[in-house]
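Here, each number is a calculation from the coordinates, and none is a lab measurement. Keep in mind the model is a prediction, meaning the values are calculated, not measured. Heads up, the Cβs are rebuilt from the backbone with ideal geometry, glycines too, and the neighbour counts pull from every protein chain shown.
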Ligand code: BG6
């Protein structure tokens, strides 16, 4: 296989991290609208109601809501073939349970998609990237409640119909696999996915099993729906997965690493193999959890197999065996790998890990894989002449793209695209900071919300433009 002319080069962004305009277009409150900026190294605070003196970065984002034309023109200048955006559910159904969608929300996303098409950029639309209306959490208990599946499907159907003929690639969910971080260390992972604080969830194992099941089922039902509405639709689901390496070759440690890595795959198994995995059901039964799987559900799994797998890749981790109860959590943590450097935010930098994961996932499922996120969060310095020399970002991306190329050309993995995360600086999901920058395009905005919001090109801008133009032939190891 080759990285041919159809390869989807581009980037990924998410609504709550860039749109801002929280009070415009009749938008409702989404779960991330209640989360503050985390000072460096501190977790973000999650509030139940807005507090006067707190700053909620999603309210301003990077003002993509008003500046999307300018931003898309810059993506086009780099030669983007695709852009992954997300729809903020609370712009379409402000509370989530309304009968009629909000026209202003539909108009906005139609305008964004039209703008992309005008520049020959393929829109890839994520239906759920941490943007659930908070009302569904407070009034219905979030995904614990099966009724939320119906609200989600109504939202999906609305979008499939509204963007029919314009959008072909859809993503049902972003990173639902992080629903159970298995650590009290941070509330943010379960919250961003389901609006619930991990530390406050009662009967954690049972509740998270139920939420995981409902979301997995919802994804399969959405796949069925998308095909019914337009057989041309291609539907994927995005997972945030990372290789988990054993700390040494002690077989117990190897087994532990395998188990930690594998725990992120049960939902992918369900969405690719046509049934909710029997091993997971039995595992739940063994600890007294009985999930009800109706015949209709079984049918939904059978017919709702994905067309492609979306893979978000940032880092690998190292697991350590800590006794019979299980090992250290692998989610953006675990042990330090002595062979790898880490980013300022402690994420390991492991280009070979992406080749490993592409091989592993492709051999397991045989489905096309799209790299839906990959990038480096770094501190950028604006020089006196206004330039940003981000050679560390170029280095990170180059090394990852080279490994993807090897996966395609040597290992024969069917990888259909590379969507770099954060082609324009945006709000960090885990920390809320602007200073954790990913972009080719700098946005003049700091963690306190000060700045002109002006856009400017970093050195990596030209580099990515050239890489797309040359189909990565310009890159050397
Ligand atoms: C992914 C999410 O897990 O990681 C993005 O899908 C997120 O929304 C990205 O922004 C990078 O994480 P962070 O915390 O650096 O923004």
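A few comments on the model shown:
- Length-normalised contact order of segment 8-470 in % [C-alpha pairs under 8 Å, at least 6 apart]: 17 percent
- Extension gain for the segment residue 111 to residue 278, taken as residue separation times 0.36 nm less the Cα-Cα distance, is 55.7 nm to one decimal.
- Measuring nothing but how far apart in sequence close Cα pairs (under 8 Å, 6+ apart) lie, relative to its length, segment 123-247 scores a relative contact order of 35 percent.
- Cα gyration tensor shape for segment 209-256, rounded if a/c is under 1.5, else prolate or oblate: prolate
- Taking 159, 261 and counting other C-beta atoms within 10 Å, the order from fewest to most: 261, 159
- Only helical runs count toward this figure. For the chain, summing -39,500 (n - 2.57) over DSSP H runs of n ≥ 4 and dividing by all residues gives -11500 deg cm²/dmol at 222 nm.
- Segment residue 387-residue 476, length gained on full extension (0.36 nm per residue, minus Cα span): 29.5 nm
- Computed E for residue 286/residue 339 - FRET, C-beta separation, R0 41 angstrom, nearest 0.05: 0.65
- Cα gyration tensor category, rounded, prolate or oblate, for segment 26-136 with a/c compared to 1.5: oblate
- The calculated FRET efficiency for residue 197 paired with residue 444, based on their beta-carbon distance and R0 = 30 Å, is about 0.35.
- Whole-angstrom gap from segment 65-102 to segment 389-425, using each part's C-alpha centre: 24 Å
- Translational diffusion of the chain, µm² s⁻¹ [Kirkwood Rh, Cα pairs; Stokes-Einstein; 25 °C; 0.890 mPa s]: 109 µm²/s
- Summary of the geometry: segment 14-32 and segment 243-301, compared by the centres of their Cα atoms, lie 34 Å apart.
- A straight chain from residue 399 to residue 379 at 0.36 nm per residue would run longer than the Cα-Cα distance by 5.3 nm.
- FRET efficiency for residue 138 and residue 252, using Cβ-Cβ distance with R0 set to 25 Å, rounded to 0.05: 0.05
- Label-to-label distance for residue 119 and residue 166 is 1.6 nm, based on points extended 7 Å past Cα in the beta-carbon direction.
- Residues in segment 127-142 that a label on residue 230 would reach, taking backbone N under 18 Å of a point 7 Å out along Cα→Cβ: 127-128
- Divide the volume of the convex hull around the Cα atoms of segment 348-477 by the residue count and you get 116 Å³ per residue.
- Distance between modelled label sites at residue 204 and residue 465, nm, 7 Å Cα→Cβ extension: 4.9 nm
- Gyration tensor verdict on segment 1-66 (Cα atoms; rounded if a/c is under 1.5, prolate if a/b is larger than b/c, oblate otherwise): prolate
- Shape metrics for segment 97-152, restricted to C-alpha atoms - Rg then Dmax, Å: 14.6, 42
- The distance between label points at residue 48 and residue 360 comes to 4.0 nm (points 7 Å beyond Cα on the Cα→Cβ vector).
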